[in-house]
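Report on one structure; see the data block that follows.
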Amino acid sequence: MQRLLNRRPNKSPEPTAVGAGSSACAVHVASRRWLSFFRYPGMRALYLFIVLLASVGAASAADSTANAAEGAQIQHLRERIRSMMETNRAEMLKRGMTNENGQPLLPAADDQSIDAVYRLLVVDPSFGLSWDEVPPPNLRGADAMKPIESFIATNGWNMWTASDLLLGPRSGAEKPLVGLPWKQIRDRPFSAGTLGGILYVPLRGFGPESWGVAYNPRTNRFPAAVNNFKALGDHWYVWTQTESPPVAQQYEGRKR
């Protein structure tokens, strides 16, 4: 196990899924993304830790009070996770990534394991499973931006230094932010920080495999540490920090 966790990362490029559909292509792309967790020691360790937590009895990710539409979204995401886990268990078996009993190191796709992965990957059902499925902000206008403007007025545009970017060991300079302009997550707190005129809000992951949203009203650029990004509108972006080569860099009004 220790040898597996210490393997050097495979830096082959990752394809980008188009939307949140359940086509064979999308499942294959999502499966490759899921397997990429095992390229990085930190993410491998985090996943195994979360699965161990789930084994002692965690609540289902699907809240029983969810409305029918949200319930359908949750079920669809859980089925995608199940498919990814089953595909990658088979891939692990093929590659000889097994335990002493000859079983794949990835746990079986039972409800507990799916719950753990759901909590690891899903910010909100409407946000899909991966960074490029995040929808545009759906709250607009002066009132929608007041929490953002207040955060920036209080903390400024350079809370972090260049060495802090983005999600390695934290300096403690980030602060909680409540009020992102998405109705689904409006009341939820997220850690946020600023650097060089950009507000960064990490949503999932840590270290070299992270993603989130950013508010970038003053520049039309991102530093090299942010190697994938896509404009969502109104100066908002979704971004990733990853060790894989960049696959998508789309600024407002232009692409490169």
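Taking label positions 7 Å along the Cα-Cβ direction at both ALA108 and LYS146, the computed distance is 5.3 nm, reported to one decimal.
Placing dummy labels 7 Å off each Cα toward the beta-carbon, the span from ARG82 to ASN138 is 2.6 nm. Computed from backbone phi, the HN-Hα couplings of the stretch 131-136 come to 4, 7, 9, 5, x, x Hz, rounded to whole numbers (Karplus: 6.51 cos²θ - 1.76 cosθ + 1.60, θ = phi - 60°; Gly and Pro given as x). Distances between placed amide hydrogens fall under 5 Å for SER191 paired with LEU177, all partners being 5 or more residues away or on another chain.
On the basis of the beta-carbon distance and an R0 of 41 Å, LYS183 and VAL247 show a calculated FRET efficiency of 0.90. Listed from fewest to most Cβ neighbours within 10 Å, the set SER210, SER150 follows the order SER150, SER210. A cut-off under 12 angstrom between Cβ atoms defines the neighbours of ARG89, and their net charge, with Lys, Arg +1 and Asp, Glu -1, is 0.
Taken together, the values in this text are just the output of simple stated rules run on the coordinates, not laboratory data. These numbers come from a predicted model, not from an experiment. Backbone-built Cβ (ideal geometry, glycine too); neighbour counts: all protein chains shown.
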